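Reading through the structure tokens given below for one structure.
The values are calculated or read from the model by the stated rules, or taken from the named source; none is laboratory data. Source: prediction; values computed, not measured. Virtual Cβ from ideal backbone geometry, glycine too; neighbours counted across all protein chains shown.
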Amino acid sequence: MDDLPPFTHTSVDSIPAVHARVTAKFHSHTTRPIEYRLKQLRALYWGIKDEEPALYEALKLDLGKSSYESYLAEISWVLNDIIFMSKNLERFMKDEKAEDTALTNLPLRPRIRKDPLGAVLVIGAYNFPIQLSLGPLIGAISAGCTAVLKPSENAPNAARIMQHIISNSLDPEGYQVVQGAIPETTALLALKWDKIFYTGNAAVGTIIAKKAAETLTPVVLELGGRNPAIVTKNADPRLAARRLLWAKLHNAGQVCVSQNYIIIDRQILGAFLLQIEAALKEFQPKGAEGNSDYSKIINERQWLRLKKMLDSTRGKVLLGGKTDQASLLFETTVVQVNDHDDPLLTDESFGPLIPILPVDDLDAAIRAANEIHATPLGIYPFGTKAETDKILNQTRSGGASVNDGFFHASIPTLEFGGVGDSGTGSYRGRASFECFSHRRAVTTTPGWMEGLLSVRYPPYTDAKFKR
Ligand code: NAD
């Protein structure tokens, strides 16, 4: 990392030229052949491989992320994504035949082509800065689009190394990085894109959607969490405690899909709390402080937000609670809350807070989940099959892991996205290709059909209009 230039914002004045460059490249039609796409994917793969040590270092610097988590959720993730895309691209690009075509229409060969959307903008977030930036970029390349990536300025080292990899590996006419924060993103949003892919909080998501609406630009919005876990009286308390604790220790809870709170049947509360305490001792035998497996909070602004949130609760801290502003440490903290409008339930912590709301039965749990947030990004039911089915049948969410914390989101080829105010659109696996493709409906009318087609031309005689 030391030999890379420091993180600097791109000059706002230069942004229109960057946009013009990638737009012109798209209109040259040279990004469409599969050979070009595969060449870019291969180059990106080796660019990442060559810089693997620097990527680990950047994630350590930005988030205090352990190499193990960085490998699992960021580096191997994007490498495998590239392999998957490269293997399947030819199949994904193939035309699809129209379903159930009438015999008379068969000669027209009604079909869907997968055309690239054009020049696209990808705006990344800080918590998985590599995966959330390069994942959509891999989709854009695969679909034959050109792209500008605007990584999160809140993970500046990850942003630096990604710029280095992209500028050294990819065709500079087609793929560019713009660094910066609000002024630079605002300048990018003032330009006409063929799609905007944004990951981050809902307030900024609203700004993006409004700006995109002015030019009728389609958007993908991958937004915030506020996800419930529901633990019924018949759940295994040890299993639920270990799995939900894992989902909060990972990246110190800075995971959009981790549970924001746990709704639990009162009958199992005592056993669950004992198990969560035991699991914490097992996973962090020496605690959180100085623990190289445990991430820090990204920056002081987010640390202060979390601290304020914890201080504002009317609940009781049962476990953890230790914080240190200098090192941005925030212990995984279990809080028992008693009312639905406690700030720990209504706001997204996006950090290692585990508020637990006891309720009387399953119906009350489902009611509470729907009242607190009707359309979360994920939901995590623990219990019998009948209970977890009932939870899925009576709630909505972007995705769900039954009997687990956010594990569905760790399947790289499983389509991922929100619903309602947790997001619009989805990606990953084949969906990443589709996300940046236009499904173009095409028919070809052969000349020899003219005789048959005479029935469609006026005058509409009685002989033609036989009911
Ligand atoms: P962030 O601070 O990294 O911001 C995200 C992006 O928005 C950055 O690139 C930033 O430069 C840009 N941005 C910020 N203000 C802007 C403005 N006024 N105009 C235009 N662009 C602007 O990350 P964050 O938003 O704090 O991320 C946390 C949120 O993101 C949480 O709500 C989390 O749940 C959500 N998130 C969702 C997903 C998902 O896949 N659904 C993934 C990660 C994070």
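Name the residue, out of R396, R367, that is within 19 Å of the chain's Cα centre (by Cα), of a type in the set (K, R) and under 30 Å from V220 (Cα atoms).
The conditions single out R396.
When G398 is evaluated against the numbered criteria (1) within 16 Å of the ligand (Cβ to nearest atom); (2) under 27 Å from S142 (Cβ atoms); (3) surrounded by fewer than 17 Cβ atoms within 10 Å (Cβ to Cβ), which criterion, by number, is the only one it fails?
The single condition G398 does not satisfy is (3).
Could you list all residues from the range 106-132 that are more than 16 Å from the ligand (Cβ to nearest atom), touching an Asp or Glu at 6+ places or on another chain (Cβ under 9 Å) and in a strand (DSSP E or B)?
R111, I112, R113, K114, P116, A119, listed by residue number.
Would you check which residues across the range 220-236 are crowded, with 20+ Cβ neighbours inside 10 Å and not charged (D, E, K, R) and list them?
Of everything in the range 220-236, those that are crowded, with 20+ Cβ neighbours inside 10 Å and not charged (D, E, K, R) turn out to be V220, L221, L223, G224, G225, N227, P228, A229, I230, V231, T232, A235.
Could you run through the range 69-113 and say how many residues are within 23 Å of the chain's Cα centre (by Cα) and either surrounded by 16 or more Cβ atoms within 10 Å (Cβ to Cβ) or at positive phi (or both)?
Final tally of qualifying residues: 16.
Taking strands (runs of 3 or more DSSP E) that fall entirely within the range 133-214, which contain at least 1 residues that are away from the ligand (no atom under 14 Å from the Cβ), more than 19 Å from the chain's Cα centre (by Cα) and touching a residue at least 60 places away in the same chain (Cβ under 8 Å)?
Answer list for the range 133-214: 146-150, 175-177.
Per-residue answers, yes or no, for (1) part of a loop (DSSP other than H, G, I, E, B); (2) at pLDDT below 95; (3) surrounded by fewer than 17 Cβ atoms within 10 Å (Cβ to Cβ):
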{"position": "A364", "(1), (2), (3)": "no, no, yes"}
{"position": "R367", "(1), (2), (3)": "no, no, yes"}
{"position": "L414", "(1), (2), (3)": "yes, no, yes"}
{"position": "S432", "(1), (2), (3)": "no, no, no"}
{"position": "R439", "(1), (2), (3)": "no, no, yes"}
{"position": "P459", "(1), (2), (3)": "yes, yes, yes"}
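Is there a residue in the range 217-229 that is of a type in the set (G, A, S), touching a Gly at 6+ places or on another chain (Cβ under 6 Å) and within 11 Å of the ligand (Cβ to nearest atom)?
Within the range 217-229, not a single residue is of a type in the set (G, A, S), touching a Gly at 6+ places or on another chain (Cβ under 6 Å) and within 11 Å of the ligand (Cβ to nearest atom).
Within the range 12-35, can you find the residues that are crowded, with 16+ Cβ neighbours inside 10 Å and in a helix (DSSP H, G or I)?
The answer is I15, V18, H19, R21, V22, T23, K25, F26.
For the condition of a type in the set (V, I, T) and surrounded by 21 or more Cβ atoms within 10 Å (Cβ to Cβ), what is the one hit in V204, V148?
Checking each option against the conditions leaves just V148.
Sort through D293, D389, D342, D347 and tell me the only one that's surrounded by fewer than 18 Cβ atoms within 10 Å (Cβ to Cβ) and farther than 29 Å from E69 by Cβ.
Of D293, D389, D342, D347, the one residue that is surrounded by fewer than 18 Cβ atoms within 10 Å (Cβ to Cβ) and farther than 29 Å from E69 by Cβ is D389.
In the range 367-386, what residues are out of contact with any helix residue (DSSP H, G or I) (no Cβ under 6 Å at 6 or more places or on another chain) and in contact (Cβ under 8 Å) with a residue 24 or more places away in the chain?
A368, A369, N370, E371, H373, A374, G378, I379, Y380, G383, T384
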